[in-house]
Amino acid sequence: MNVHTDHALPEGPLLAYYGDDFTGSTDVMEAFTLAGVPTVLFLQPPSAAWVQRFAHMRCIGLAGTSRGRSPAWMREHLPAAFAVLQAFGAPILQYKVCSTFDSSPEIGSIGQAIELGVAAMGGAWSPMVIGAPRLCRYQAFGNLFAAMGGTVHRLDRHPTMSRHPVTPMPEADLRQHLAKQTPRRLELIDLVSLHSGHGPEALAPLRDAAAPPVVLMDVVDDRTLAEAGRVIWEERGNGVFSASSSGLEYALVAHWRHSGALAGGAALARTQPAASMVAVSGSCSPVTAAQIAWAQNHGFATERLVVERLLDAQVAQAEVARVVTGAVQAVAAGRPPLIYSASGPDDPHVVQFPEAAMRAGVTVPQAHAMVGQALARCMQEVIAQTGVRRVAIAGGDSSGAVASALDITALTVHSQLVPGAPLCRAWSDTPAMDGLEIVLKGGQMGGEDFFGQALRGTAA
């Protein structure tokens, strides 16, 4: 057993992570940047020149799209991504998952990612932290809870996650849910052990270098958060792999601060108002639906992409052109455009989406990809025709599709906006994209006036 008791942080990168979607990837960036841990997120494997440019970073991320992918896709693509990240030499390699644990055996399998990650990194255990109190996510005795509208719900009774259109959560006990995705032994260090400060003692009999178990760690408050961070950091051995939400970053920071290894956080600037902005949304979340409705009532020019037309090759291009024309005209008139493809889970376009895909002769995943590509084309065209310098993208899969199409190499946190969705600064070799201000928002993130905040900023 390799136990680290020196409280000074080692030189070089402390953590490297692969984000299973783009919004979650920026969530990790925010968590560490706020704590004063410099972090960069690459949107593509970086060249040597880009690695050197960000050589001072203590955390390095690589944004991905595996949350919407099959296990076969993961087996083909994740080993190379993990190898890129391992080359930075960080003692912790993280597969960043959503704090609502979006996954199934067929789509976004966290279990498959764990098998590949443990094989790459080794170690005697694989810690998992999903609870993140700052984001109103809590894990108690292995069960995950998430807040919505000020009310905390067990995940299998959550208004959104229990009926997610791709990966619904019928089970709140993460061990039960994960057991359908991996044969690996699943253990738990519960909140009683963590509250009493006995995390290392609870871990000791669970470690097994021959067959490293996944060890879930309850997090419900600041005390359990810091203790989870202590156990992971002190018991990291020669390296450890962790499939975790940004709760891992918050836990490590809490421990580093408590031990004196890390001083106070960074003084991030508040977001300033923008002259103009363009937003796109592919999110089916009721939270985003309420945000779209707010925008419609507060001066935004909303343009709906008709999904059925996007799935028809003969009219898809014309549908994109129609929406782009309206958005460009809105910018010229001083109104921020918001292009969206869905308005909540009860939107008829969402309910009828599988039937529409079938009529078009494509699979549902292929249809989702076609919608994402259309949103990306809309964003590309509006930026090119208007020169707008701030953009907002809502929805995890949508963020991946759109941001990937913008020729951006890397992101760093620019300023605070809402928890889990900071305003980022884009880095690119393409002048039109370099310096672009961009926010990637998960479906559950932000208040009703999110798009208004993204435009007006949060500066007092």
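Structure values in brief
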| quantity | calculated |
| --- | --- |
| Values of log10 I(q)/I(0), in the order q = 0.11, 0.12, 0.15, 0.18 Å⁻¹, for region 304-460 under a Debye, Cα-only, solvent-free model | -0.45, -0.54, -0.84, -1.18 |
| Helix 247-259 axis, angle to the chain major axis (alpha carbon atoms, nearest 10°) | 50 |
| Summed residue charge, Cβ within 14 Å of L144's Cβ, Lys/Arg positive, Asp/Glu negative | -2 |
| Principal-axis tilt of helix 222-234 within the chain, Cα atoms, nearest 10 degrees | 70 |
| Extension gain, Q52 back to E448 (0.36 nm per residue minus Cα-Cα distance, nm) | 138.5 nm |
| Residue-span extension gain [A209 to Q176] - 0.36 nm each, minus C-alpha spacing | 9.5 nm |
| Stretch gain in nm, segment R359-D434, where the contour uses 0.36 nm per residue and the Cα spacing is subtracted | 22.9 nm |
| FRET efficiency, 1/(1 + (r/R0)^6) with R0 35 Å, evaluated for Q366 and R185 via beta carbons | 0.45 |
| Three principal axis lengths of region 133-198 [C-alpha, angstrom, descending] | 38, 33, 15 |
| At most 16 other Cβ within 10 Å, DSSP loop - chymotrypsin sites (Phe, Trp or Tyr not before Pro), region 101-189 | F141 |
| Within region 117-139: backbone nitrogen closer than 16 Å to the A261 label point (7 Å, Cα to C-beta) | 127 |
| Local net charge near E303, Cβ-Cβ under 14 Å (Lys/Arg +1, Asp/Glu -1) | +3 |
| For peptides 21-27, 77-83, sequence by mean Cβ density within 10 Å, most packed first | 21-27, 77-83 |
| Whole-angstrom Cα spans of the chain along principal axes, big to small | 63, 43, 41 |
| Mean separation of Cα contacts under 8 Å (6+ apart) over length of the chain, as relative contact order % | 19 |
| Taking the C-alpha atoms of region 230-375, convex hull volume expressed per residue in Å³ | 179 |
| R0 of 51 Å, Cβ-Cβ distance Q296-V192: FRET efficiency to nearest 0.05 | 0.60 |
| Neighbour net charge for A211 - beta-carbon separation under 12 angstrom, K R +1, D E -1 | 0 |
| Calculated over region 297-394: convex hull of Cα atoms, volume per residue (Å³) | 96 |
| Table column - 3J(HN,Hα) (Hz), region 355-367, Karplus curve with 6.51, -1.76, 1.60, x for Gly and Pro | 5, 5, 4, 4, 4, 7, x, 10, 6, 4, x, 5, 5 |
| 17 Å tail of the calculated P(r), region 78-152, as % of Cα pairs | 54 |
| Protection-proxy order for peptides 7-13, 413-419, each taking the mean of Cβ atoms within 10 Å per residue, highest first | 413-419, 7-13 |
| Dipole magnitude of the chain, debye to nearest 20 (Cβ charges: Lys/Arg +1, Asp/Glu -1, about Cα centre) | 500 |
| Label-point gap, in nm, between V315 and R75 - each point 7 angstrom along Cα→Cβ | 4.1 |
| Solvent-accessible area, 1.4 Å probe, carbon plus sulfur percent, for the chain | 53 |
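The values are calculated or read from the model by the stated rules, or taken from the named source; none is laboratory data. Quantities reported herein were computed from a predicted structural model and do not represent experimental measurements. Using ideal geometry, Cβ is built from the backbone for each residue, glycine included, and neighbour counts are taken over all protein chains shown. Areas reflect the complete protein model, heavy atoms only, side chains present, ligands, DNA and RNA absent. Shrake-Rupley method; radii C 1.70, N 1.55, O 1.52, S 1.80 Å.
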